[in-house]
Amino acid sequence: MKCSSLTPITMSIQPTYHGGPAWLANKLGYFRELCLDATLPVYASGAPQVNEISKWSLGSAGSPPNIQGWKEGVLRTVGITNDESATSALVANADGIASWASIVAAGTLGEDTKITVSPYSTGEMVVEKCLKKYNVSFDPLINFDYNSTQAGVLASLSDPYGNNFGSLWAPTLYSAVETWGPESVICSGIDAGANVIGGIMVPNETNEENTETAALAIAAYLKGIEFFKRNPVQAKAYLNEFYEEQGLPPLSPESLDLEFSRPLYNLQEQLDMLAKNEESLSTLGMYSQETIDFMFGSGIIPLRLDAEIYIDDRYMKWIAANETLFEWTMTLEESAPVYPGDAGAAAPIPSAPNYRRLAVPIVLVIAVLNYMFICHSNSKRGRRRRPLLPNVLS
């Protein structure tokens, strides 16, 4: 079906694996097939992305930026971008590899072993869970050296006078693997049982027309994901092209294999992640709650939020309710795109709750409960404090 006009849509992405399907969907014309004219601003990290939420209608980022947006009452999460657990890891250089067995045997990092960590990140969560997995005791205030960039963490590992251990995630992780071999990955998020995910974000402030436009853009993005899943060889070449456009070096074949070990989720898998169990909990919600609990326990956010409140399944359900659009999203064969006003299209997406109005009573209730919890906890131990470093949410 030909488009009489194109509706503009802005989707914010990052120069990462989960940004690749959106870039590819634009390159292959998937947005235009749904009569959308997509603009894809690329952000280096999640914090500035969320700060400029008024400039876009859809975005993909890691879980901390999603949660930061929840805390600020400006966005909700409508799906999962990818699972990053396999490519977020505690990493060692050659000296660290050689000393790890003795550290495990001693059961402690002691006072001299340091790990270079990016603060306010799920990478720090993975390091902590890895150390607990191996029953290695640690004190973040003594054993963690904070560096706000992944390049800084890698530089510390490479410096003869730097630290022998660090927290790295894709794509910087691949440089470590290429330098010190696969044995440099001491423990990944998967090994430690840490669920590191990303989320598809939409702003809270939107009208019905913009909501349905965003849903169509999500369908185009998911079709890009379907291409990645069905055609990994071609998708790897496209991903390197995307990286090079952003001024990043192309990944080696080995690093691309690691990159593509991260699960992506098509429309049916999105619906499965959003489905509620008998306790009214979704898999996406439970994974997100894990990160919330880490961020709260580390003092990164002041309140222990309830993830399920901020996860919105209406967008994926709206796409799935239209059989033709569902098939178009789940296949790569040509088929006629479907617009909201076409016969057989899904009903309008119901209005979302007003999260800004809910924020005050929810925050007050949670604040009281957290105050009681903190008072009780502080009677036994001090609350962890983080250095005042730049926000590196990704």
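Laboratory data are not the source of any read-out in this text; all were calculated from the coordinates shown. Treat the numbers as computed from the prediction; the structure is a model and nothing was measured. When we count neighbours, we look across all protein chains shown, and the Cβ atoms used for this are built from the backbone with ideal geometry, even at glycine.
D by Stokes-Einstein for the stretch 168-311, Kirkwood Rh over Cα pairs, 20 °C, 1.002 mPa s: 119 µm²/s. Around the amide H of residue 76, modelled in the peptide plane, lie the amide H atoms of 202, 204, all under 5 Å away and 5 or more residues distant in sequence or on another chain.
Residues in the stretch 104-115 carry Karplus couplings, in order, of 5, 5, 6, x, 7, 7, x, 9, 9, 7, 10, 10 Hz; the curve used is 6.51 cos²θ - 1.76 cosθ + 1.60 with θ = phi - 60°, and Gly or Pro positions show x. Near residue 62, the amide H atoms lying under 5 Å from its own belong to 199; only residues 5 or more places off or on other chains count, and H is placed 1.01 Å from N. The stretch 229-272 has equivalent-ellipsoid semi-axes of 23, 12, 9 Å, by the square roots of 5 times the alpha carbon gyration tensor eigenvalues, sorted largest first. Were the residues from residue 248 through residue 208 laid out at 0.36 nm apart, the gain over their Cα-Cα distance would be 10.6 nm.
One equal scatterer on each Cα of the stretch 161-216, no solvent, Debye formula: the resulting log10 I(q)/I(0) at q = 0.14, 0.24, 0.30 Å⁻¹ is -0.60, -1.03, -1.28. Near residue 145, the amide H atoms lying under 5 Å from its own belong to 115, 116, 117; only residues 5 or more places off or on other chains count, and H is placed 1.01 Å from N.
Stretching the chain fully between residue 99 and residue 230 yields a gain of 43.0 nm (0.36 nm per residue, less the alpha carbon separation).
With Rh defined as the Kirkwood radius, the inverse of the mean 1/r over Cα pairs, the Rg/Rh of the stretch 52-97 is 1.19. Across the stretch 76-86, rounded Karplus estimates of 3J(HN,Hα) from the backbone phi angles (6.51 cos²θ - 1.76 cosθ + 1.60, θ = phi - 60°) give 9, 9, 10, x, 10, 7, 6, 9, 9, 4, 6 Hz, Gly and Pro being marked x.
With all pairs of different C-alpha atoms in the average, the Kirkwood value for the hydrodynamic radius of the stretch 1-155 is 18.3 Å. Rg/Rh, computed from the Cα trace of the stretch 1-73 with Rh as the Kirkwood radius, has the value 1.03. A simple rule links phi to the HN-Hα coupling: the Karplus curve 6.51 cos²θ - 1.76 cosθ + 1.60 with θ = phi - 60°, which for the stretch 94-102 gives 4, 5, x, 4, 5, 9, 4, 4, 5 Hz, with x for Gly and Pro.
Classify the stretch 255-315: rounded, prolate or oblate, from the alpha-carbon gyration tensor (a ≥ b ≥ c, eigenvalue square roots; a/c under 1.5 rounded; otherwise prolate if a/b is larger than b/c)? The shape class here is oblate. Taking only alpha carbon atoms, the stretch 55-139 gives an Rg to Rh ratio of 1.11, where Rh is the Kirkwood radius. In a DSSP loop and with at most 16 other Cβ atoms within 10 Å, the GluC sites (Glu not before Pro) in the stretch 163-251 are 205. Taking 15 Å as the cut-off, the amide N atoms of the stretch 71-113 that come nearer than this to a point 7 Å along the Cα-to-beta-carbon line of residue 134 belong to 89-113. Could you tell me the calculated FRET efficiency between residue 272 and residue 308, based on Cβ-Cβ distance and R0 = 22 angstrom, to the nearest 0.05? The computed FRET efficiency comes out at 0.85.
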